[in-house]
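> Got a structure for you, written out below as structure tokens; questions coming shortly.
FYI, it's all coordinate maths here, none of it is from the lab. Just so it is clear, the model here is predicted, and its values are computed rather than measured. With ideal geometry, Cβ positions are generated from the backbone for all residues, glycine too; neighbour counts draw on all protein chains shown.
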Amino acid sequence: MIAKTAGRTAVVTGGASGIGRAIAERLSADGHRVATLDLHPSGESGYKADVTDRAQIDEALAGIRREFGPVTILVNAAGRDGFKRFAKLSFEEWEQIVDVNLHGTFHCIQAVLPDMLEAGWGRIVNISSSSTHSGQPFMAHYVAAKSAVNGLTKALALEFGPKGITVNAIPPGFVDTPMLRGAAERGLLGGTVEDHIGRTPVRRVGLPEDIAAAASFFASEEAGYITGQILGVNGGRNT
Ligand code: NAD
């Protein structure tokens, strides 16, 4: 029987909104001490940091370690979408999306790793995207960055498994958050939310809590034999 261990320190990036916020709330309900990192932080344990800026991350983490102790759970949920025809996509726009979604994940993982290595225990959960399974027109930069996050997940799982650290990814399907609603309002989804629900086998839109449930499992003691996995939480849209 695997002992249940609560009371670890968790950091959730992008924790002020949508999926990140639901994950922070869920990990807190699981009994962990949770701090969030976000461009627009909210709540008492919300820290301001741009995940593309290592100095800001390190400064926020110093405060989190002082307040909550070493960080042994990290969920990378900060992200930004982007829609543009590839032929018109400037390299600068490409870089901005890759910077937040991929380089932000790189920085946050590297910044918390010393705590996990010291503890000989860690859980890293990366939120990628179901578009990495299916592709998505006009989102080449986003899909490329999120696909790289899945690859990073697999590589780090092998590198850090022997150190007691698991690394898994969750590519969400169609989840009702400000990001999704913003894209819907701008007519960028290739159909209405209702059209997408019709194409989803379980016939509903995903909720941030659906993603949080999977993240909670990956962060748990019981998931210690699971690493390098890409778990689609998508209502059956991408099987
Ligand atoms: P959201 O816009 O509601 O939340 C994203 C959060 O990330 C915001 O609080 C934002 O301030 C923060 N953020 C953005 N750039 C940042 C930066 N540079 N530094 C720090 N924080 C930053 O979006 P969401 O839908 O909750 O998305 C969460 C994650 O899930 C993202 O990585 C997104 O790409 C991914 N995702 C979402 C869906 C969906 O359907 N909603 C589908 C697939 C993947």
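> Among A111, I64, N238, whose Cα projects farthest towards the positive end of the dipole of the chain, with charges put on the beta-carbon of Lys, Arg (+1) and Asp, Glu (-1)?
Ranked along the dipole, the leading option is N238.
> Given the C-alpha atoms of the stretch 54-205, compute the convex hull and give its volume per residue in Å³.
Dividing the Cα hull volume of the stretch 54-205 by its residues yields 134 Å³.
> Moving on to the next point. In terms of Cα to Cα distance under 22 Å, which lysines are near enough to K154, apart from those fewer than 8 places away along the same chain?
Here the lysines satisfying the reach criterion relative to K154 are K146, K163.
> With only Lys, Arg, Asp and Glu charged, each at its Cβ (+1 for the first two, -1 for the last two), find how big the charge dipole of the stretch 103-239 is about the Cα centre; round to the nearest 20 debye.
The dipole magnitude comes to about 400 debye.
> Explain nothing, just the number: dipole magnitude of the chain about its Cα centre with +1 on each Lys and Arg Cβ and -1 on each Asp and Glu Cβ, in debye rounded to the nearest 20.
Around 500 debye, computed over the chain.
> Another question about this same structure. May I ask which residue of S45, A29, A77 lies farthest towards the positive end of the charge dipole of the stretch 1-102, with charges of +1 (Lys, Arg) and -1 (Asp, Glu) on Cβ and the Cα centre as origin?
Of the listed residues, the answer is A29.
> With a point put 7 Å past each Cα toward its Cβ, work out how far Q110 is from Q96 in nm, to one decimal.
Taking the two extended label points, one gets 2.4 nm.
> Moving on to the next point. Positive end of the charge dipole of the stretch 88-239 (Lys, Arg +1 and Asp, Glu -1 on Cβ, about the Cα centre): tell me which of I197, W94, F160 has its Cα farthest that way.
My answer, from the dipole projection, is I197.
> To the nearest 500 deg cm²/dmol, what mean residue ellipticity at 222 nm is calculated for the chain from DSSP H runs of n ≥ 4 alone, each contributing -39,500 (n - 2.57), summed and divided by the residues?
-13000 deg cm²/dmol
> Could you order the peptides 40-49, 155-164 from most to least packed, using the average number of other C-beta atoms within 10 Å per residue?
40-49, 155-164
> Rounded to two decimals, what is Rg over Rh for the stretch 1-78 when you use alpha-carbon atoms and the Kirkwood radius?
0.98
> Can you give the charge dipole size of the stretch 159-219 about its Cα centre, rounded to the nearest 20 debye, using +1 on the beta carbon of Lys and Arg and -1 on the beta carbon of Asp and Glu?
For the stretch 159-219, the charge dipole is close to 60 debye.
> Checking understanding here: applying a Kyte-Doolittle mean of at least -0.5 and a length along the axis of at least 15 Å (C-alpha), which whole DSSP H helices in the chain pass?
For the chain, where a helix must reach 15 Å along its axis and average at least -0.5, the hits are 18-29, 54-68, 104-119, 140-160, 208-218.
> Of all alpha-carbon pairs in the stretch 1-138, indicate the percentage at a distance above 20 angstrom.
Beyond 20 Å sits 46 percent of the P(r) for the stretch 1-138.
> Mind ranking 7-19, 215-227 by how tightly packed they are, going by the mean number of other C-beta atoms within 10 angstrom, highest first?
My ranking of the peptides, most packed first, is 7-19, 215-227.
> I would also like to ask the following. State the volume of the convex hull built on the alpha-carbon positions of the stretch 55-123, expressed per residue in Å³ and rounded to an integer.
93
> Compute the distribution of all C-alpha to C-alpha distances in the stretch 118-203, in bins of 10 Å from 0, and list the percent of pairs in each, rounded to whole numbers.
Answer for the stretch 118-203: a P(r) of 16, 38, 27, 15, 5 percent.
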